[in-house]
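Chemist: My questions will all concern the structure given below.
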Amino acid sequence: MFGIRENFVLKTTSIGTDVVLSVEGLSKRFCRALKRSMYYGLLDIVTELSGRNRQTETLRHEEFWALKDVSFQVRRGEAIGLVGPNGAGKTTLLRLISGLIRPDAGAIRVNGTLAPLLALGAGFNPALSGRENIYLNMSVLGLTRKEIDERYESVIAFADIGDAIKAPVQTYSSGMGARLGFACAIHTEPDILLIDEVLAVGDMTFRAKCYRKLAELREKGTSLVLVSHSPAAVLSICDTAVYLSKGQLILKDATERVMSRYEQDMAVGHKSSVQSAGQMLLPEREGITALQIMRLGFVDEEGESVEAIQSAKPAKLSVTCRVLESLKGVSLCVLIDELSAHRTRVLVLESARDGKSFSLSPGETVLSLKLSPCGLKPGSYTAKVYLKQGKMHIFDLVESFVFKVEPDPKMVQCGFYQPRGWEVEATPVISSVPADESAVSQPAARLEPFIK
Amino acid sequence: MSRSKVTEIVYSPESPVRYPAKLILETFNELYASRSLAWRMLVRNIQGQYRRAFLGVLWAFVPSVVMAATFTLAERANVIRVGPTDIPYPAYVVFSLILWQTFLESLNSPIRVVRAGHSLLTRVKFPSQALILSGLGEVLFNFGIKLVLLVVMFAAFRIPIPSTIVFAPLALILLVLFGTALGLWLAPFSGLYEDVARVTELAGGIWMLLTPVIYPVPAEGMFAQVVKLNPVTHLLVTTRELSTTGLVSDPLGFWIVSVATLVLLFSGCLVFRLAMPFVVERMGN
């Protein structure tokens with residue numbers, strides 16, 4: 001799995017202090033009514049040509065804020081993720097940053113060259129060969145002929161499409177086209193790389209290669225702005241994340257925190273559910289009658305909530321529910337997925353399967369899952385938690401509870417925690433071996449006098 | 001990195017018109033910087049265009065030949081009456097039509113490239129002037145091919161070439177630039193409204209009738225006044241006269257239109273650059 005490597009390589013990059021991209025109080029208004037939008041376009045052009053300032057805080061008829069008062073900064077070598085539901089303004093933000101469209105309020109300051117990966121292979125001519133298109137595409141991205149000549153070989157090597165490079169691009173599969181496009185864009189070696197949902201192309205080997213190349217670029221000081229719906233991609237690449245919803249900046253923080261907030265909002269579809277300090281609070285929902293989950297989170301031995309759990313240490317997931325009628329045979333189920341570049345299911349735990357079903361009486365009840373100890377390796381995870389009866393009947397479900405497992409020195413290079421014990425059994429055979437030969441099997445014993 | 005000029009780029013709602021010196025400098029720097037891209041696009045377009053066409057470059061002059069043949073036949077059959085021309089009518093009409101078509105192509109070129117460059121314009125920030133330049137290159141390339149036809153015509157009719165022909169390219173360039181300048185002004189608006197392209201198409205036909213293309217310059221009457229007020233008349237007629245008779249009939253008119261062309265072109269470049277982001281915004285993805 002290259003998921004591990006991505007985490008390692010990408011996140012250990014040092015971040016500079018100089019700001020390469022600064023977004024200050026940025027707002028952009030759009031109009032969905034087509035004719036009116038064209039008319040506004042005309043008005044905007046006239047205003048621009050007449051030299052008046054278009055800075056505005058008001059909306060015209062039938063307009064809405066595609067982005068409203070968004071501010072953040074990106075430093076050299078930093079990777080920042082933009083997350084949010086469809087229509088949150090992520091792509092609009094990228095288009096504004098790349099200078100394709102102009103803001104209506106605020107400002108964007110860009111220090112350095114910028115390459116947008118908004119669409120791979122934009123401007124490819126299907127009738128021309130891969131080679132000719134490399135030259136064309138890279139000149140569109142702002143390279144001179146000499147610069148393209150220098151990089152041509154590595155672009156070809158990176159795209160790795162073999163003899164197809166001589167064939168017209170229209171004969172390519174969509175994956176091949178995307179590979180060529182990605183290879184071109186990434187070899188422009190910009191200061192800032194804007195990536196919009198394009199890492200989803202190509203097969204796994206190619207994706208792994210893209211991630212490695214991104215890591216390499218970051219070491220050289222390239223900053224990344226990544227838009228993705230895949231929490232895994234954002235978590236494994238970005239240090240910080242910006243959560244946008246309906247044009248508003250909801251949260252800008254460390255990626256794990258932003259993602260857990262986002263995942264919850266998505267899962268519950270309700271703004272009032274909040275996950276903070278490792279606890280998730282759920283609002284009262286209509287339609288779920290017998291049993292509702294109210295609160296969810298990890299707690300320590302004293303029952304105090306904890307923000308993260310530690311690998312190889314005991315952990316307890318506590319689920320507080322409101323029981324409205326007497327129930328029998330209730331089972332608590334916890335499905336855990338690892339959030340790496342590929343979301344992989346690592347645990348499927350079901351209390352009934354372990355022979356433990358609960359009988360509940362009305363009132364507030366706490367069900368818990370004890371992990372003694374937690375066997376998960378360090379990283380980010382998401383848990384799907386639900387309560388069910390029998391095989392099919394689900395009372396309530398939490399789609400995603402994001403949590404973090406912190407490292408333990410004992411876990412270096414381990415894929416999971418193996419509870420274990422070490423022993424030496426004094427048998428007459430071993431003890432009779434001469435001292436210098438026994439040294440191989442008992443190095444600790446031999447070293448002991450020296451350490452002391 | 002070699003390309004990273006450490007100049008800060010700021011995008012804000014403030015109009016760049018407030019800093020005219022900076023605006024002009026940036027616009028023409030971009031224009032200069034876009035030349036190699038424009039060349040590459042030009043080569044791509046021409047190659048792409050002819051690789052998939054069986055008749056290849058023939059398409060560059062087939063329309064002119066067909067139109068010229070039609071007008072010549074119409075003139076022979078006395079369907080249309082035109083006065084005496086300086087050179088034999090078939091050569092006259094072919095030459096004039098080629099000039100007119102070159103003008104019309106240069107007018108439509110910015111409009112066409114904005115529409116054709118849709119996917120590029122909405123996805124990549126690049127000097128969009130490159131599109132204009134490559135469009136201009138295509139116009140000149142097409143003219144070059146038509147020139148072959150013209151040379152054949154002139155040889156066939158044994159039309160003497162005056163020494164003033166060396167100045168003809170200058171007049172021709174001004175004709176092309178006049179078209180381009182108008183196109184630059186119109187292109188952003190055509191990106192917003194379909195109507196612009198349709199009106200231009202329609203106006204092209206009427207405009208040709210008001211230009212001495214299939215008939216010689218009228219001497220008197222209302223119509224002569226209208227034709228004289230038409231700026232294309234001066235550029236087209238001067239180009240034709242420089243390559244045939246060697247006598248420029250209206251040098252003043254030519255110079256006035258030339259200066260106007262340069263003013264229009266300069267402002268057109270600025271308008272195009274300022275207006276395009278608003279058009280791109282509304283072009284969708």
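The values are calculated or read from the model by the stated rules, or taken from the named source; none is laboratory data. These figures come from a predicted structure and were not determined experimentally. No Cβ is skipped: glycine too gets one built from the backbone with ideal geometry, and neighbour counts run over all protein chains shown. To get the accessible areas, we keep the full protein, side chains included, count just its heavy atoms, and leave off ligands, DNA and RNA. Shrake-Rupley method; radii C 1.70, N 1.55, O 1.52, S 1.80 Å.
Chemist: Nothing charged except the Cβ atoms of Lys and Arg (+1) and of Asp and Glu (-1): what's the magnitude of the dipole of chain B about its Cα centre? Round to the nearest 20 debye.
Modeler: Dipole about the Cα centre, nearest 20: 840 debye.
Chemist: Taking the Cα centre of segment A:270-411 as the origin, how large is its charge dipole in debye, to the nearest 20, when only Lys and Arg (+1) and Asp and Glu (-1) carry charge on their Cβ atoms?
Modeler: Dipole of segment A:270-411, to the nearest 20 debye: 460 debye.
Chemist: Based on the mean of other beta carbon atoms within 10 Å per residue, what is the order of B:260-271, B:192-203, most packed first?
Modeler: B:260-271, B:192-203
Chemist: Moving to a separate point now. If I stretch the segment between B:VAL196 and B:ARG115 completely, what's the gain in nm (0.36 nm per residue apart, minus their alpha carbon distance), one decimal?
Modeler: Separation in residues times 0.36 nm, less the Cα-Cα distance, equals 28.0 nm.
Chemist: Normalised by the number of residues in chain B, what is the relative contact order in percent for Cα pairs under 8 Å and 6+ residues apart?
Modeler: Relative contact order for chain B comes out at 26 percent.
Chemist: Right, something else. Please determine, in degrees from 0 to 90 and to the nearest 10, the orientation of helix B:89-116 with respect to the longest principal axis defined by the Cα atoms of chain B, where the helix direction is its Cα long axis.
Modeler: Helix B:89-116 and the main axis of chain B meet at about 10 degrees.
Chemist: Taking only protein heavy atoms into account and a 1.4 Å probe, give the accessible area per residue of the protein assembly as shown in Å².
Modeler: In whole numbers, the protein assembly as shown has 47 Å² accessible per residue.
Chemist: What is the average number of partner chain Cβ atoms found within 10 Å of a Cβ in B:14-26?
Modeler: 3
Chemist: Just to be sure I understand: if you take the accessible area of chain A alone plus chain B alone and subtract the pair, with a 1.4 Å probe, what total do you get in Å², rounded to 100?
Modeler: When A and B are taken together, about 5000 Å² of accessible area is lost.
Chemist: Could you order peptides B:87-99, B:71-83, A:373-385 by the average number of other Cβ atoms within 10 Å of their residues, highest first?
Modeler: Peptide ranking by packing, descending: B:87-99, A:373-385, B:71-83.
Chemist: Inside 10 Å of the C-beta atoms of A:32-41, what's the mean count of C-beta atoms belonging to other chains?
Modeler: Shielding by partners across A:32-41 averages 3.
Chemist: Taking each residue in A:43-49, count the Cβ atoms of any other chain within 10 Å of its Cβ, then average. What number comes out?
Modeler: Taking all residues of A:43-49 together, the mean is 6.
Chemist: Expressed as an acute angle from 0 to 90° and rounded to the nearest 10, what is the orientation of the C-alpha long axis of helix B:251-283 relative to the principal long axis of chain B?
Modeler: Its long axis makes an angle of about 40 degrees.
Chemist: Largest first, what is the accessible-area ranking of A:GLU147, B:GLU220 with a 1.4 Å probe?
Modeler: From most accessible down to least: B:GLU220, A:GLU147.
Chemist: Name the long-range amide H neighbours of A:THR113: under 5 Å, sequence gap of 5 or more, or other chain; modelled H, no Pro or chain starts.
Modeler: A:ASP191, A:ILE192
Chemist: Most mobile of B:MET41, B:MET153, B:MET222 per a Gaussian network model of chain B (Cα springs, under 10 Å)?
Modeler: The residue with the greatest mean-square fluctuation here is B:MET222.
Chemist: Angle between the Cα long axis of helix B:194-209 and the longest principal axis of chain B, 0 to 90 degrees, nearest 10?
Modeler: Rounded to the nearest ten degrees, it is 20.
Chemist: Simple spin-label model, 7 Å along Cα-to-Cβ: B:ILE24 to B:VAL62 in nm?
Modeler: 4.7 nm
Chemist: For A:LYS370, go through the lysines and keep the ones whose alpha-carbon is under 26 Å away, minus same-chain ones fewer than eight residues off.
Modeler: A:LYS313, A:LYS316, A:LYS328, A:LYS356, A:LYS384, A:LYS388, A:LYS391, A:LYS404, A:LYS410
Chemist: Give the carbon-plus-sulfur fraction of the accessible surface of segment B:43-134 in %, rounded to a whole number; probe 1.4 Å, heavy atoms of protein chains only.
Modeler: 63 percent
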